[in-house]
Each structure stands twice: as C-alpha cells, then as structure tokens.
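Structure, as structure tokens:
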Amino acid sequence: MKLSKLFAKTSKTAPHDADTANAKYLIQGSFVHQEMAGVYSWLPLGLRVLNKVVNIIREEMNAIDGQEILMSALQPKENWETTGRWDNVDILFKLHSQTDKDYALGCSHEELVTPLVGSFIKSYKDLPVAVYQIQTKFRDELRAKSGVLRGREFGMKDLYSFHATQEDLEQYYQKVLQAYIRVFQRCGLDVKVAEASGGIFTKNVSHEFQVVTPAGEDLILACPNCTYAQNSEVATLKDGDKCPNCGGILSTVKGVEVGNIFDLGTKYSDAFKVAFTDENGERKIALMGCYGIGTTRLVGTVVEAMHDERGIMWPKSVAPFQVHIVNLNSKDADVQAQILETSASLYEDLKKEGIEVIWDDRDASPGEKLADADLLGMPLRVLVSEKTLKEDSVEWKQRTEKEARLVKLQDVMEEVQAFAKE
C-alpha cells in the first residue's frame, strides 16, 4: 500500500480526552475513529491488525475442535427471562420493537447458544461439542473509557462447550486454557492466568487472562516468573508469598483482562432443559463451559504493552505491514528521481515476494515522515535518501531498536526475508 492513497490520515496531536496509550495512538494514527463514547469504527490499518488477531484466535480454536458459527446479535426477551437474567444484568441493552416485542442486544450468548446446541443433542454420543463465534457485542457501560479497552460496542470471540461428564469438561477447560495462552503469546503478550470468581456468569471455577500494564483496571497478585496469578478480589495469598507453581515472590500489579474462561456447570442447560441419554439410558443434564476473548480489546492491550513516547511498536504477528519504506526527498532533481526509482523498485520487489509493505511516498517533510513511521509502528523501517544512496544502501531500523544501520541495496531483499521469518 502507498501511504499517499490511504484515505485515513494521521494527526499531529492526540485526542484531548485520551486517557490511555491505546486511546491516544490508535486514534492519532487513524487505526480507529471514535464515533461516540465507547464506539469505534475500524479503519484500514486498524482492521488489518484486528483481522490478524482474529485469525490467530480462529486457528487456535479450530485446533481444539471448535466449530465456528455465527449467532444473531438480536436476542428474544423470552430466552433471558428463562435464565432469570432479563432484570438482573444491568449492562444489557434492551430494545422495544414497534411490534410491541422486547429484544436484547447480545452482551453474551448463553441464552442463544444453549437452546441452539440443545436442539441437536440427543445422546451421550453427541457429546462433547464445542462451538464458537467471532462477533460484535453490546454492553450498556456507564463509563466507557480507556479507548478500545472498555466499550459499549466491541468484538469478541466466545466459545461454548457441552459435556456429558465433569471429567470431560475439566479436561477440555484445560485445553482451552492452554490454547488461550498460545493466542496471547502469538500476539506478543506476556499473560498471567488469574484465579477469579464467575461474576454474572457462574459461581463455579473461572480464570482471567491478564496482561500486566499500568493501564489495567484490575489488581492482580502475580508471579514474575510464570503465568500464575490471583485476582485480588478472591486472593487467598498476599504480597510476598511464594508462587505455588514455581516459588517466585508474588506482588500486586495492575492488569488488563483480555480473556476469561468459566465452568458453567448446569446453570444454563438446566434452564433450557438441555439433556441427553447416557450409556445406561438415563436422562442427564449436559454440563457447559464458556470461554471469551475480547478481540478489539486485545488490539488495545497490545498497544498498551508495546509502545513508547513516539507511538506503537507492533509485534510482527499482528502488525498491519511488516515493512515501512520511507523516502526522503532531495532538492536535486536527478537525485530525487533516483530516490523514487529505488523506493518504487524496492516496494514492488517486496510485494512480489509476499512481504507486507507500506510505502510513504507522500510529498512531506522528513520530520513528518519519520514521526509518522514511529507513530504507526511497523516492525521495520527502510529509509531511502540522498545520503543512503551515496553508500549504495538503505537505512535499516527496527521499531524496537534505538540504533539504525546501513544495508547494501543488493542485500535488502535477503535481509527482509530473513527478518520476516524470525
């Protein structure tokens, strides 16, 4: 992509009410556009990141036998009355239709998925089954804040599993837990797995996946050496205690919750009478688990975890583009023609090799181009200028490194390919 063709433009100043790094840089870099408090449109660069995050999640859910579906966002009131949650969930958006019927905009999908899957379950041979979706959710948050970390409209992957026995549910629960760790690690995040309460979903066992960052809303007691943590609200340990997993010293830190998993037991399957016939011909209620990852929230968390005072530092796995070509203009017409020819040739060659590349071909000042490169945060910046061409080279700078170096033009393709595979 050529930056001159991108309709969304960067801004020199951050939003006046940006209270977190993701709110500041995602809007300033035109990854997202705020439509109202807690509601964002995803622009080309931001959508590329979001799609990569979603694809990582999809791969890991498919690997644990999740079957992807897509349920309706609009849900009947009757289902929520069946579970007793119509009047007990304060974040539920409720709509009254001109047909005089009431509906809910889905903040979660237990009320839909349970009777849906239940309609296909007859025997123990139909179990276990796990279905997931990647969809927009709606929550009537009183205080939408922190950019895309807490919104009224947001993306989520929600997985639901159905089981004949508690043992089978617990085994699958652990498979999902490990898959979640892989998701977050592939997104470049150091995640803690915190024991927690079930909140509005269940009183059974649950775990939160927390990324340590000062922007976090939760306090967790975390081990510095492994993934173990406890949410401070349910903590049985305290600062200075030893981690039960590895012996590290626990301390209280702030975290952003990027995912959670719950053992639902029979809370929802009881309500909808989701039963099956076991090996002995007896009717039993199915056991359920649910497992969520905030997809848009995860993008914001990556920004919180990976940025500096100049902008974002995307990990290669989710970066909009791997390489950012920057050409600095020359006042000498012949030299300028050579700069543009070299940049264009490099741009086309990288595209032919399947390298994701964006080229800042704008007629802009060096300061503006370099500032935007740091703000947008692609993993690798390749700079072409009058100075570098005198050395038959380009300036090579990784976003996570302070120093730049020269790479000979003849070696650029080979080095970029090696960089992309690292």
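Assuming 0.36 nm per residue, please report the length gained on full extension of the stretch Arg182 to Gln166 beyond their Cα-Cα distance.
Numbers: separation 16, 0.36 × 16 = 5.76 nm, distance 2.45 nm.
That pair, Arg182 and Gln166, stretches by 3.3 nm at full extension.
Whose amide H sits under 5 Å from the amide H of Val39, counting only residues 5 or more places off or on another chain, with H placed in the peptide plane?
Those qualifying (amide H under 5 Å, at least 5 residues apart or on another chain) are Arg152.
With the dipole of the chain worked out from charges on the C-beta (+1 for Lys and Arg, -1 for Asp and Glu) around the Cα centre, which of Gln75, Gly294, Gln178 lies farthest toward the positive end?
Value computed over the given set: Gln75.
Quick one: 3J(HN,Hα) in Hz for the stretch 95-107, Karplus 6.51/-1.76/1.60 with θ = phi - 60°, rounded, Gly and Pro as x.
10, 10, 7, 5, 7, 6, 9, 10, 9, 10, 8, x, 9
What does a probe at Arg310 reach in the stretch 339-378, counting residues whose amide N is under 18 Å from the point 7 Å along Cα→Cβ?
In the stretch 339-378, the label zone of Arg310 (backbone N under 18 Å from the point 7 Å along Cα→Cβ) covers 358-361, 364-378.
Normalised by the number of residues in the chain, what is the relative contact order in percent for Cα pairs under 8 Å and 6+ residues apart?
Numbers: 855 pairs, mean separation 65.2, N = 422.
Dividing the mean separation by the residue count of the chain yields 15 percent.
Which whole-Hz couplings ³J(HN,Hα) result when phi for each residue of the stretch 120-126 is put into the Karplus expression 6.51 cos²θ - 1.76 cosθ + 1.60, θ = phi - 60°, listed in order with x for Gly and Pro?
10, 9, 10, 10, 4, 5, 7
Restricting the count to DSSP beta bridges whose residues both fall in the stretch 323-421, what percent are antiparallel, rounded to a multiple of 5?
On the way: 8 of 17 bridges.
Of the beta bridges lying entirely in the stretch 323-421, close to 45 percent run antiparallel.
Which value in deg cm²/dmol, rounded to the nearest 500, describes the helix-derived mean residue ellipticity at 222 nm for the chain, given -39,500 (n - 2.57) per DSSP H run of n ≥ 4 and division by the residue count? Mind dumping the intermediate values first?
Details: 11 runs with 125 residues, N = 422.
One gets -9000 deg cm²/dmol as the mean residue ellipticity at 222 nm.
Using only alpha carbon pairs under 8 Å that are at least six residues apart, calculate the relative contact order of the stretch 172-265 and give it in whole percent. The partial results should precede the final answer.
Values: 199 pairs, mean separation 30.1, N = 94.
This gives 32 percent for the stretch 172-265.
I'd like the orientation of helix 295-305 relative to the chain: the angle between its Cα long axis and the longest Cα principal axis, in ° from 0 to 90, rounded to 10.
Tilt of helix 295-305: around 50 degrees.
Summing +1 for each Lys or Arg and -1 for each Asp or Glu, what net charge is found among the other residues whose Cβ lies under 11 Å from the Cβ of Tyr124? Don't jump to the answer; show the numbers that get you there.
Working: positive: Lys122, Lys125, Arg283, Lys284; negative: Asp126, Asp168, Asp278, Glu279, Glu282.
Net charge around Tyr124: -1.
Give the long-range amide H neighbours of Cys107: residues separated by 5 or more places, or on another chain, with amide H under 5 Å away, using H modelled in the peptide plane at 1.01 Å from N.
Phe138
What's the angle, to the nearest 10 degrees (0 to 90), between helix 333-352's Cα axis and the longest principal axis of the chain?
30
Does anyone have the angle between helix 44-63 and the longest principal axis of the chain? Alpha-carbon axes, 0 to 90°, nearest 10?
On a 0 to 90 degree scale, this one is about 50.
Non-local amide H neighbours of Thr83 (under 5 Å, H modeled in plane, Pro and chain starts lacking H): which ones?
none
Throughout, read-outs are computed from the coordinates displayed, never taken from laboratory work. Keep in mind that what you see is a predicted model, and the values were worked out from it rather than measured. Counting neighbours? That spans all protein chains shown, and the Cβs are built from the backbone with ideal geometry, glycine included.
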